[in-house]
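In what follows, a structure is listed as structure tokens, so that the remarks can point back to it.
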Amino acid sequence: MSPLSENNATGDLFESAIGADETALDQARERVDELTRNLERWNYEYYVLDNPSVPDSEYDKAFRELQGLEARYPSLASPTSPTQRVGGAARSDLKKVTHAVPMLSIHTETDFEASGAEAFDERVRKALGTPEGEQIEYDAELKFDGLAINLRYENGVLVSAATRGDGIVGEDVTANVKTIRTIPLRLHDKVPEVLEVRGEVIMHKAVFERINDEQRAAGLKPFVNPRNAAAGFLRQLDPKVTARRRLSFYAYGLGEVSAPIALTHSGILDTLSRWGFPVAAERRVVKGWQALAEFHDWVKSIRQTLPFEIDGVVYKVNSLAEQQELGFISREPRWACAHKYPPEEALTHVQDIDVQVGRTGKLTPVARLEPVFVGGVTISNATLHNEDFIAELGLKIGDTVVVRRAGDVIPEIVRVLPERRHGTERDFVMPKTCPVCGSETFRDEEEKDTRCTGGLFCPAQRKQALVHFASRLALNIDGLGEKLIDQLLEADLIETPADLYKLTAPSLLTLERFGQKSAANLLAAIDKSRETTLARFIYALGIRHVGESTARDLASHYRSLEALMAADEQSLLQVNDVGEVIAQSIRSFFDEPHNRHVIEALLKAGIHWPVPQAEPVNEAVTGKTFVLTGTLPNLGREEAKALLLAQGAKVASSVSKKTDFVVAGEQAGSKLDKARSLGIEVIDEKAMLEMLNIQGGEKA
Ligand code: IVH
């Protein structure tokens, strides 16, 4: 009997209850449709997008429910049901590889307790006809939470590596796999002519955390968990990117082999280990189900100390002869099973909600929890992301909540239990001033985040601001990168960009690994940055939403820092491409006294720029807004823009009612259509050059 039919021993009752039968079948059909649709979508999100929207536990639950319904109502089982897949669909842009031996999945025991091990042992004994009093030998190992992979060696040389895909056809990821340092590219022992080694590609927790820090620093979305990060890097197209990600591999079995390499599963793993494959040390050869259950308990107790994530343990009948005898049931080996751990959730109280300020000024509410032990660690904080997240949870300070170790790494609050309220709970209010520097905060409606306006002054934002200030398109201070800025901050040598101009050789020499020469170079680079342009200076201030091109527009519009600092929102809105959000951000930046002080200090330190020459006024173009579109016959886009700006015109990137002229070249697209629909004058390059009093225009 298959494990499925065992689970559904009550099925017959339903089938025989004629009358009630029709409606039951209809209801089941509806539910099967719904489950199928959900599972298909989740599969797609998980395998193709590497971006799951539901926890594994929910997926597993739906999957099991569908399996159950299909077993109970065989007429509803379709060959295209999600339950008929071994894994997910292969990503279409990677080369396909047909596995020499299909990559199967294993049955998962749904009972988290010791009885899960007992149920497996019982099935094995029954199938083998093992007499009472005799015990089966098992190999017990970790269930790695990563991606299954097949490594094919021919004459000892790695020739291909493929993901599991749907179990029959996988994706060729050879180039990326070759960057995984623990995978041997060549074997030095005498190995079978054809040797396929199977195992799991995973990402260590420490690497995962580092990468997510990098993602966040770059303003990118962090990965959900190490497995998704590993999947993303394994299946992306540039091996150089994978190489930087430090993936790992652990072997747990074989695919096609031209000659047997051992008589037991543990023998296979021992041999693979000898040949240089990483095999996890946490595995045991044991007898009987009690020993399996003990292994399950033991691994649970060390789980959090492992450098990588696991989602359970795997039991395998050790003798290969017995494995053969046991065979397969519906694409799952009867000789193996996975025994997972329950989702790690616990109840606790939110004692308070604090606010942290990140490097970009973002205020993040953090729940301070009554410490609670979840999955081997004590959790006392959980991130709440932003105000909307708190509103969606419906969370109040003092609430009882369910917390979970998400992907075993970042604790999160899953839900609130409002039925446990006492009436003393209170709402969280986002502070109007920054808890670090006291500057005003504002809410970015688009991103739903609240930010500190302290900018250059706020210690939390200082580093980021300094890095930006020194960057190439800002004041371009050669050699002053993130590392050095860290060192300077740590040594208390600087606080704001203005302090850079007070640095001296003796103070720099106190830094680790800093010699005379590097000190002299840095000071020279800092000195050189004193002479700059107004546009660069504005950009260097790091005003939110003011990028390099907006800074240029502001500089050419106001022509002096004083004028810009004095401009009100109404005036700012007149500037090219400046809308309400940008205008507001500029205004609140300059309204912040701390920012004004830093600017003052910078000017005192000798930063200056040539006063923009008052250009001879060209009435035809001054103050007029141009939009360039298509390919011009002679001028490049930047060139044309520079010519227009030089004579007092404004250049915008999109057509609006404020546009005066659209300069159209070949293959002009939607901007041209928009200009026509708004009745805006459309001219060509020649006409533009005439307006600018520039001769010819034709290139030699
Ligand atoms: S054995 C025929 N051993 O779990 C048996 N699988 O459904 C083949 N997994 O995605 C699998 N750790 O990648 C086996 N120690 C282990 C494993 C393991 C993780 C994964 C495997 C597959 C799933 C099995």
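The values are calculated or read from the model by the stated rules, or taken from the named source; none is laboratory data. These numbers were taken from a predicted model, which means no experiment stands behind them. Here the Cβ is made from the backbone with ideal geometry for all residues, glycine too, and neighbour counts use every protein chain on show.
Miscellaneous remarks
- So A346, is it out of contact with any helix residue (DSSP H, G or I) (no Cβ under 6 Å at 6 or more places or on another chain), farther than 20 Å from W289 by Cα and not in a loop (DSSP other than H, G, I, E, B): yes
- Qualifying residue in segment 573-590 (condition: in contact (Cβ under 8 Å) with a residue 40 or more places away in the chain, within 34 Å of the chain's Cα centre (by Cα) and more than 25 Å from R462 (Cβ to Cβ)): yes
- Of all the listed residues (K641, K686, K674, K657), the sole one being assigned to a loop (DSSP other than H, G, I, E, B) and basic (K, R) is K657.
- Residue count, segment 316-338 (criterion: at pLDDT below 95, in contact with a Ser or Thr (Cβ under 8 Å, 6 or more places away or on another chain) and assigned to a strand (DSSP E or B)): 2
- Candidates L187, L195: the one that is hydrophobic (A, V, I, L, M, F, W, C), touching a strand residue (DSSP E or B) at 6+ places or on another chain (Cβ under 7 Å) and over 22 Å from P102 (Cβ atoms) is L187.
Conditions (1) surrounded by fewer than 21 Cβ atoms within 10 Å (Cβ to Cβ); (2) modelled with pLDDT under 90, marked per residue:
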site: Q464; (1), (2): yes, yes
site: L484; (1), (2): yes, no
site: Q487; (1), (2): yes, no
site: A491; (1), (2): yes, no
site: P497; (1), (2): no, no
site: P506; (1), (2): yes, no
site: N521; (1), (2): yes, no
site: L541; (1), (2): no, no
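- A single entry from P342, P365 fulfils the requirement of being surrounded by fewer than 17 Cβ atoms within 10 Å (Cβ to Cβ), in contact (Cβ under 8 Å) with a residue 40 or more places away in the chain and either of a type outside the set (S, T, N, Q) or within 16 Å of the ligand (Cβ to nearest atom) (or both): P342.
- Qualifying residue in segment 440-460 (condition: among the small types (G, A, S), surrounded by 15 or more Cβ atoms within 10 Å (Cβ to Cβ), at pLDDT below 90 and within 27 Å of the chain's Cα centre (by Cα)): yes
- Selection status of A474, at pLDDT below 90, within 28 Å of I582 (Cβ to Cβ) and not charged (D, E, K, R): no
- Note on segment 687-697: residues that are loosely packed, with under 12 Cβ neighbours inside 10 Å and either of a type outside the set (S, T, N, Q) or in contact with a Leu (Cβ under 7 Å, 6 or more places away or on another chain) (or both) amount to 1.
- Scope segment 486-522; condition in contact (Cβ under 8 Å) with a residue 12 or more places away in the chain, over 29 Å from S560 (Cβ atoms) and in a helix (DSSP H, G or I); matching residues: D486, Q487, L488, L489, A505, S507, L508, S518, A519, A520, N521, L522
- Counted as qualifying within segment 123-215 are the strands (runs of 3 or more DSSP E) with 2 or more residues that are away from the ligand (no atom under 14 Å from the Cβ), namely 147-154, 157-163, 169-171, 194-202.
- Considering segment 666-686, and only residues there that are surrounded by 13 or more Cβ atoms within 10 Å (Cβ to Cβ) and of a type in the set (G, A, S), the residue that is farthest from S654 (Cα to Cα) turns out to be A668.
- Residue among V299, V279 that alone is within 16 Å of the ligand (Cβ to nearest atom) and either basic (K, R) or closer than 20 Å to H107 by Cα (or both): V299
- Checklist (1) among the hydroxyl-bearing types (S, T, Y); (2) surrounded by fewer than 17 Cβ atoms within 10 Å (Cβ to Cβ); (3) within 10 Å of the ligand (Cβ to nearest atom) applied to Y315, failing item: (2)
- Segment 179-200, residues that are within 25 Å of L142 (Cβ to Cβ) and of a type in the set (K, R): R181, R198
- Considering only residues in segment 108-122 that are farther than 17 Å from N318 by Cβ and within 16 Å of the ligand (Cβ to nearest atom), the one that is modelled with the lowest pLDDT turns out to be T110.
- Single residue of segment 318-335 satisfying the filter (out of contact with any Leu (no Cβ under 9 Å at 6 or more places or on another chain) and at negative phi) that is nearest to the ligand (Cβ to nearest atom): Q323
- One residue stands out among those in segment 85-107 that are away from the ligand (no atom under 15 Å from the Cβ) and among the hydroxyl-bearing types (S, T, Y): the one that is modelled with the highest pLDDT, which is T98.
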